[in-house]
1. Around Ser191, which amide H atoms from residues at least 5 apart in sequence, or from another chain, sit under 5 Å from its own amide H, with H modelled in the peptide plane?
2. Rounded to the nearest Å, what's the spacing between the alpha carbon centres of the stretch 5-25 and the stretch 240-282? Just the number, please.
3. Could you sort 156-169, 195-208 so that the peptide with the highest average Cβ count within 10 Å comes first and the rest follow in order?
4. Roughly how many percent of the accessible protein surface of the stretch 211-299 is carbon and sulfur, given a 1.4 Å probe and a whole-percent answer?
5. Subtracting the Cα-Cα distance from 0.36 nm times the residue separation, let me have the gained length for Val18 to Ser274 in nm, one decimal.
6. From the phi of every residue in the stretch 201-211, what ³J(HN,Hα) in whole Hz does the Karplus formula 6.51 cos²θ - 1.76 cosθ + 1.60 yield, where θ is phi - 60° and glycine or proline is x?
7. First measure r as the distance between the Cβ atoms of Gln79 and Ala218, then evaluate 1/(1 + (r/R0)^6) with R0 = 51 Å and state the FRET efficiency to the nearest 0.05.
8. Go through the stretch 173-184 residue by residue and turn each phi into a ³J(HN,Hα) via Karplus (6.51, -1.76, 1.60, θ = phi - 60°); whole Hz please, and just put x for glycine and proline.
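The values are calculated or read from the model by the stated rules, or taken from the named source; none is laboratory data. In this text, all values refer to a predicted model and were calculated from it rather than measured experimentally. Cβ: placed from backbone, ideal geometry, glycine included. Neighbour counts: every protein chain shown. Quick note on the areas: whole protein, heavy atoms, side chains included, nothing else; ligands and nucleic acids left out. Shrake-Rupley method; radii C 1.70, N 1.55, O 1.52, S 1.80 Å.
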Amino acid sequence: MIPGWKFLHPQWLWLLLVIPAVLAFHFFYLRKRQPTLRFSSLTGFSNVPNSCRTKLKDLPVILRSLVIAALIVALARPQSSSSSQNITTEGIDIVMALDISASMLAEDLKPNRIEAAKKVARDFIDQRPNDRIGLVVFSGESFTQCPMTTDHAVLKNLLLGIQSGMLADGTALGEGLATAVNRIRNSTAKSKVIILLTDGVNNIGAIAPETAGDIAQAFGIRVYTIGVGTEGMAPYPVQTPLGTQYQYMPVQIDEAVLQKIAGSTGGKYFRATSSGQLKTIYQDIDKLEKTRIDVTEFRHRSEEYYPIALVAIGLLCLEYFLRQTLFRTLP
(Lines give C-alpha, C1' and ligand atoms only; values in the text may rest on other atoms or scores of the structure.)
Protein backbone atom coordinates (compact mmCIF):
# COMPACT_ATOMS: atom_id res chain seq x y z
CA MET A 1 0.00 0.00 0.00
CA ILE A 2 0.96 3.64 -0.22
CA PRO A 3 3.48 4.60 2.51
CA GLY A 4 1.91 6.67 5.28
CA TRP A 5 -1.54 5.13 4.89
CA LYS A 6 -3.30 3.47 7.78
CA PHE A 7 -6.55 1.53 7.59
CA LEU A 8 -9.40 2.09 10.01
CA HIS A 9 -10.86 -1.37 9.24
CA PRO A 10 -7.90 -3.46 8.03
CA GLN A 11 -9.84 -6.72 8.46
CA TRP A 12 -11.63 -6.01 5.17
CA LEU A 13 -8.35 -6.45 3.30
CA TRP A 14 -8.50 -10.20 3.86
CA LEU A 15 -11.21 -10.29 1.20
CA LEU A 16 -8.58 -9.44 -1.42
CA LEU A 17 -7.49 -13.06 -1.19
CA VAL A 18 -10.77 -14.03 -2.88
CA ILE A 19 -9.92 -12.21 -6.13
CA PRO A 20 -7.11 -14.56 -7.27
CA ALA A 21 -9.43 -17.50 -6.60
CA VAL A 22 -12.19 -15.92 -8.72
CA LEU A 23 -9.78 -15.26 -11.59
CA ALA A 24 -8.44 -18.81 -11.39
CA PHE A 25 -12.01 -20.15 -11.46
CA HIS A 26 -12.74 -18.08 -14.57
CA PHE A 27 -9.61 -18.90 -16.56
CA PHE A 28 -9.20 -22.57 -15.67
CA TYR A 29 -12.72 -23.81 -15.10
CA LEU A 30 -15.31 -21.72 -16.96
CA ARG A 31 -13.24 -21.67 -20.14
CA LYS A 32 -13.20 -25.46 -20.26
CA ARG A 33 -17.00 -25.53 -19.97
CA GLN A 34 -17.57 -23.27 -22.97
CA PRO A 35 -19.07 -25.05 -26.04
CA THR A 36 -16.60 -25.98 -28.75
CA LEU A 37 -16.88 -26.97 -32.41
CA ARG A 38 -14.38 -29.42 -33.87
CA PHE A 39 -13.05 -29.28 -37.44
CA SER A 40 -10.96 -31.86 -39.23
CA SER A 41 -8.69 -29.08 -40.49
CA LEU A 42 -8.15 -25.36 -39.81
CA THR A 43 -6.61 -24.69 -43.20
CA GLY A 44 -9.55 -22.63 -44.33
CA PHE A 45 -9.31 -20.37 -41.29
CA SER A 46 -5.60 -19.64 -41.46
CA ASN A 47 -6.08 -16.25 -43.08
CA VAL A 48 -8.87 -15.13 -40.74
CA PRO A 49 -7.43 -12.47 -38.36
CA ASN A 50 -8.35 -12.38 -34.68
CA SER A 51 -10.74 -9.56 -33.95
CA CYS A 52 -10.17 -6.99 -31.21
CA ARG A 53 -13.16 -8.40 -29.39
CA THR A 54 -11.59 -11.86 -29.33
CA LYS A 55 -8.26 -10.59 -28.04
CA LEU A 56 -9.95 -8.63 -25.25
CA LYS A 57 -12.55 -11.19 -24.31
CA ASP A 58 -11.21 -11.46 -20.74
CA LEU A 59 -11.17 -7.71 -20.17
CA PRO A 60 -14.65 -7.52 -18.51
CA VAL A 61 -13.65 -10.13 -15.95
CA ILE A 62 -10.42 -8.29 -15.18
CA LEU A 63 -12.27 -4.99 -14.86
CA ARG A 64 -14.84 -6.56 -12.56
CA SER A 65 -12.02 -7.94 -10.39
CA LEU A 66 -10.40 -4.50 -10.19
CA VAL A 67 -13.76 -3.00 -9.19
CA ILE A 68 -14.13 -5.54 -6.38
CA ALA A 69 -10.52 -4.91 -5.20
CA ALA A 70 -11.03 -1.15 -5.17
CA LEU A 71 -14.29 -1.48 -3.22
CA ILE A 72 -12.62 -3.74 -0.65
CA VAL A 73 -9.81 -1.22 -0.16
CA ALA A 74 -12.36 1.59 0.17
CA LEU A 75 -14.27 -0.42 2.79
CA ALA A 76 -11.03 -0.75 4.78
CA ARG A 77 -11.07 3.09 5.11
CA PRO A 78 -7.52 4.12 4.16
CA GLN A 79 -6.39 7.26 5.97
CA SER A 80 -3.33 9.46 5.76
CA SER A 81 -2.16 11.46 8.73
CA SER A 82 0.01 14.49 9.27
CA SER A 83 1.34 15.72 12.58
CA SER A 84 3.11 18.78 13.90
CA GLN A 85 4.61 19.69 17.25
CA ASN A 86 4.62 22.95 19.11
CA ILE A 87 7.55 22.74 21.53
CA THR A 88 7.96 25.33 24.27
CA THR A 89 11.27 25.19 26.12
CA GLU A 90 12.01 26.94 29.36
CA GLY A 91 15.79 26.79 29.54
CA ILE A 92 17.93 27.98 32.40
CA ASP A 93 21.03 30.17 32.26
CA ILE A 94 24.29 28.69 33.51
CA VAL A 95 27.77 30.13 33.92
CA MET A 96 30.65 27.77 34.63
CA ALA A 97 33.49 29.40 36.57
CA LEU A 98 36.67 27.32 36.23
CA ASP A 99 39.88 27.68 38.19
CA ILE A 100 42.89 27.51 35.83
CA SER A 101 45.64 28.30 38.33
CA ALA A 102 48.94 26.37 38.18
CA SER A 103 47.80 24.00 40.92
CA MET A 104 45.14 22.68 38.53
CA LEU A 105 47.98 20.83 36.75
CA ALA A 106 48.24 18.42 39.68
CA GLU A 107 47.77 14.85 38.53
CA ASP A 108 45.72 13.37 41.34
CA LEU A 109 42.90 13.44 38.75
CA LYS A 110 43.73 11.94 35.37
CA PRO A 111 45.30 13.22 33.21
CA ASN A 112 45.29 16.28 35.48
CA ARG A 113 42.72 18.39 37.27
CA ILE A 114 42.12 20.96 34.54
CA GLU A 115 41.78 18.39 31.73
CA ALA A 116 39.44 16.25 33.84
CA ALA A 117 37.34 19.34 34.58
CA LYS A 118 37.19 20.28 30.89
CA LYS A 119 36.06 16.80 29.90
CA VAL A 120 33.17 16.58 32.37
CA ALA A 121 32.17 20.18 31.57
CA ARG A 122 31.99 19.28 27.87
CA ASP A 123 29.78 16.27 28.65
CA PHE A 124 27.60 18.50 30.84
CA ILE A 125 27.13 20.98 28.00
CA ASP A 126 26.01 18.16 25.70
CA GLN A 127 23.30 17.22 28.20
CA ARG A 128 21.84 20.76 28.26
CA PRO A 129 20.87 21.54 24.62
CA ASN A 130 18.16 24.07 25.56
CA ASP A 131 20.15 26.14 28.05
CA ARG A 132 22.27 29.24 27.61
CA ILE A 133 25.70 28.45 29.03
CA GLY A 134 28.68 30.75 29.56
CA LEU A 135 32.26 30.22 30.72
CA VAL A 136 34.43 32.24 33.10
CA VAL A 137 38.04 31.33 33.92
CA PHE A 138 40.10 32.64 36.81
CA SER A 139 43.45 32.28 38.52
CA GLY A 140 45.20 35.46 39.74
CA GLU A 141 42.53 37.38 37.81
CA SER A 142 39.27 36.51 36.11
CA PHE A 143 38.21 36.54 32.48
CA THR A 144 35.03 35.77 30.52
CA GLN A 145 36.05 33.06 28.08
CA CYS A 146 32.57 32.82 26.55
CA PRO A 147 29.37 34.82 27.25
CA MET A 148 26.16 32.87 27.74
CA THR A 149 25.11 31.30 24.47
CA THR A 150 23.05 28.50 22.98
CA ASP A 151 25.75 27.93 20.35
CA HIS A 152 27.29 25.07 22.25
CA ALA A 153 29.71 24.19 19.44
CA VAL A 154 31.45 27.55 19.89
CA LEU A 155 31.34 27.17 23.67
CA LYS A 156 33.00 23.75 23.56
CA ASN A 157 35.73 25.03 21.23
CA LEU A 158 36.51 27.85 23.65
CA LEU A 159 36.46 25.40 26.54
CA LEU A 160 38.91 23.17 24.68
CA GLY A 161 41.32 26.08 24.30
CA ILE A 162 41.63 26.74 28.05
CA GLN A 163 45.13 26.20 29.43
CA SER A 164 46.75 26.89 32.78
CA GLY A 165 48.98 29.96 32.52
CA MET A 166 46.58 32.02 30.38
CA LEU A 167 46.24 34.46 33.28
CA ALA A 168 48.46 35.61 36.12
CA ASP A 169 48.90 32.86 38.69
CA GLY A 170 47.03 32.78 41.97
CA THR A 171 43.51 31.92 43.11
CA ALA A 172 41.20 34.92 42.92
CA LEU A 173 38.18 32.90 43.96
CA GLY A 174 36.09 35.96 44.87
CA GLU A 175 36.80 37.73 41.59
CA GLY A 176 36.05 34.59 39.58
CA LEU A 177 32.66 34.26 41.25
CA ALA A 178 31.97 38.00 40.94
CA THR A 179 32.71 37.92 37.20
CA ALA A 180 30.32 34.98 36.78
CA VAL A 181 27.65 36.85 38.73
CA ASN A 182 28.11 39.92 36.56
CA ARG A 183 27.62 37.80 33.44
CA ILE A 184 24.35 36.26 34.59
CA ARG A 185 22.78 38.86 36.88
CA ASN A 186 20.69 40.56 34.14
CA SER A 187 19.33 37.28 32.83
CA THR A 188 15.55 37.02 32.51
CA ALA A 189 15.55 33.23 32.88
CA LYS A 190 13.53 31.83 35.76
CA SER A 191 16.54 29.87 36.98
CA LYS A 192 20.10 31.27 37.10
CA VAL A 193 22.96 28.96 38.07
CA ILE A 194 26.72 29.26 38.57
CA ILE A 195 28.95 26.18 38.81
CA LEU A 196 32.19 27.21 40.55
CA LEU A 197 35.10 24.75 40.41
CA THR A 198 38.37 25.34 42.27
CA ASP A 199 41.18 23.44 43.96
CA GLY A 200 42.53 26.08 46.29
CA VAL A 201 42.07 28.91 48.75
CA ASN A 202 41.39 32.53 47.85
CA ASN A 203 44.79 34.24 48.06
CA ILE A 204 44.52 37.26 45.76
CA GLY A 205 41.97 39.74 44.45
CA ALA A 206 39.99 42.70 45.74
CA ILE A 207 36.70 40.83 46.28
CA ALA A 208 36.30 38.28 49.06
CA PRO A 209 34.51 35.02 48.13
CA GLU A 210 31.86 35.60 50.81
CA THR A 211 31.10 39.05 49.36
CA ALA A 212 30.72 37.59 45.88
CA GLY A 213 28.42 34.94 47.36
CA ASP A 214 26.26 37.63 48.97
CA ILE A 215 25.99 39.41 45.60
CA ALA A 216 24.90 36.15 43.96
CA GLN A 217 22.27 35.67 46.66
CA ALA A 218 20.97 39.20 46.13
CA PHE A 219 20.41 38.52 42.42
CA GLY A 220 18.71 35.18 43.07
CA ILE A 221 21.57 33.16 41.57
CA ARG A 222 22.07 29.59 42.77
CA VAL A 223 25.75 28.64 43.14
CA TYR A 224 27.03 25.06 43.09
CA THR A 225 30.60 24.84 44.35
CA ILE A 226 33.03 22.02 43.63
CA GLY A 227 36.31 21.44 45.45
CA VAL A 228 38.73 19.40 43.32
CA GLY A 229 41.66 17.45 44.74
CA THR A 230 42.53 14.32 46.65
CA GLU A 231 42.98 14.15 50.39
CA GLY A 232 46.47 14.90 51.72
CA MET A 233 49.22 15.25 49.10
CA ALA A 234 48.96 15.43 45.30
CA PRO A 235 51.65 15.01 42.61
CA TYR A 236 52.47 18.27 40.88
CA PRO A 237 54.69 18.51 37.76
CA VAL A 238 57.66 20.85 37.96
CA GLN A 239 59.84 21.74 34.98
CA THR A 240 63.57 21.40 35.70
CA PRO A 241 66.73 21.35 33.53
CA LEU A 242 66.49 17.57 33.69
CA GLY A 243 62.91 17.52 32.43
CA THR A 244 59.60 17.20 34.23
CA GLN A 245 59.91 16.22 37.87
CA TYR A 246 57.05 15.57 40.29
CA GLN A 247 56.71 17.10 43.72
CA TYR A 248 54.03 16.15 46.21
CA MET A 249 52.26 19.23 47.50
CA PRO A 250 49.52 19.51 50.13
CA VAL A 251 45.94 19.87 48.90
CA GLN A 252 44.36 22.96 50.42
CA ILE A 253 40.72 23.70 49.65
CA ASP A 254 38.71 26.28 51.57
CA GLU A 255 35.73 23.97 51.99
CA ALA A 256 34.15 26.14 54.69
CA VAL A 257 33.90 29.13 52.32
CA LEU A 258 32.65 26.98 49.44
CA GLN A 259 29.99 25.41 51.66
CA LYS A 260 28.91 28.84 52.91
CA ILE A 261 28.55 30.24 49.38
CA ALA A 262 26.55 27.22 48.22
CA GLY A 263 24.36 27.19 51.30
CA SER A 264 23.51 30.90 51.23
CA THR A 265 22.50 30.83 47.55
CA GLY A 266 20.44 27.63 47.64
CA GLY A 267 23.07 25.55 45.88
CA LYS A 268 25.17 22.65 47.09
CA TYR A 269 28.84 21.93 47.79
CA PHE A 270 30.57 18.90 46.29
CA ARG A 271 34.03 17.42 46.82
CA ALA A 272 35.70 15.58 43.96
CA THR A 273 38.74 13.47 44.82
CA SER A 274 38.81 11.56 41.53
CA SER A 275 37.80 11.96 37.89
CA GLY A 276 34.92 9.52 38.41
CA GLN A 277 33.58 11.54 41.33
CA LEU A 278 33.82 14.75 39.33
CA LYS A 279 31.78 13.19 36.52
CA THR A 280 29.16 12.01 39.01
CA ILE A 281 28.95 15.50 40.54
CA TYR A 282 28.17 17.12 37.18
CA GLN A 283 25.56 14.42 36.55
CA ASP A 284 23.97 15.20 39.92
CA ILE A 285 23.87 18.93 39.12
CA ASP A 286 22.30 18.11 35.75
CA LYS A 287 19.53 16.19 37.57
CA LEU A 288 18.97 19.01 40.07
CA GLU A 289 18.64 21.68 37.37
CA LYS A 290 16.07 20.31 34.92
CA THR A 291 14.65 22.20 31.96
CA ARG A 292 10.86 22.20 31.52
CA ILE A 293 9.69 21.36 27.99
CA ASP A 294 6.03 21.55 26.95
CA VAL A 295 5.19 19.58 23.82
CA THR A 296 1.81 19.98 22.13
CA GLU A 297 1.25 17.57 19.26
CA PHE A 298 -1.35 18.07 16.55
CA ARG A 299 -2.55 15.20 14.36
CA HIS A 300 -4.75 15.52 11.29
CA ARG A 301 -6.23 12.51 9.50
CA SER A 302 -7.57 12.60 5.95
CA GLU A 303 -9.88 10.01 4.43
CA GLU A 304 -8.35 8.53 1.28
CA TYR A 305 -11.15 6.15 0.23
CA TYR A 306 -13.02 8.76 -1.86
CA PRO A 307 -10.73 8.60 -4.92
CA ILE A 308 -10.56 4.81 -4.65
CA ALA A 309 -14.36 4.60 -4.63
CA LEU A 310 -14.50 6.91 -7.65
CA VAL A 311 -12.02 4.67 -9.48
CA ALA A 312 -14.19 1.66 -8.64
CA ILE A 313 -17.30 3.40 -10.01
CA GLY A 314 -15.42 4.43 -13.14
CA LEU A 315 -14.17 0.89 -13.78
CA LEU A 316 -17.66 -0.49 -13.15
CA CYS A 317 -19.16 1.90 -15.70
CA LEU A 318 -16.47 0.97 -18.21
CA GLU A 319 -17.08 -2.73 -17.67
CA TYR A 320 -20.84 -2.28 -18.06
CA PHE A 321 -20.33 -0.23 -21.23
CA LEU A 322 -18.09 -2.88 -22.79
CA ARG A 323 -20.51 -5.65 -21.95
CA GLN A 324 -23.35 -3.74 -23.58
CA THR A 325 -21.39 -2.85 -26.70
CA LEU A 326 -18.22 -4.66 -27.71
CA PHE A 327 -18.87 -7.89 -25.78
CA ARG A 328 -22.68 -7.93 -25.97
CA THR A 329 -22.87 -11.23 -27.91
CA LEU A 330 -20.30 -12.98 -25.72
CA PRO A 331 -21.56 -15.23 -22.97
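1. Long-range HN contacts for Ser191: Asp93.
2. Taking the Cα centre of the stretch 240-282 as reference, the centre of the stretch 5-25 is 72 Å away.
3. By packing density, highest mean first, the sequence is 195-208, 156-169.
4. Whole-percent figure for carbon plus sulfur exposure: 51.
5. Length difference between fully extended and current span is 85.0 nm.
6. For the stretch 201-211, the Karplus-derived couplings read 10, 4, 9, 7, x, 8, 10, 6, x, 5, 5 Hz, x marking Gly and Pro.
7. Rounded to the nearest 0.05, the efficiency is 0.30.
8. In residue order, the calculated couplings are 4, x, 5, x, 5, 5, 5, 5, 4, 4, 6, 10 Hz.
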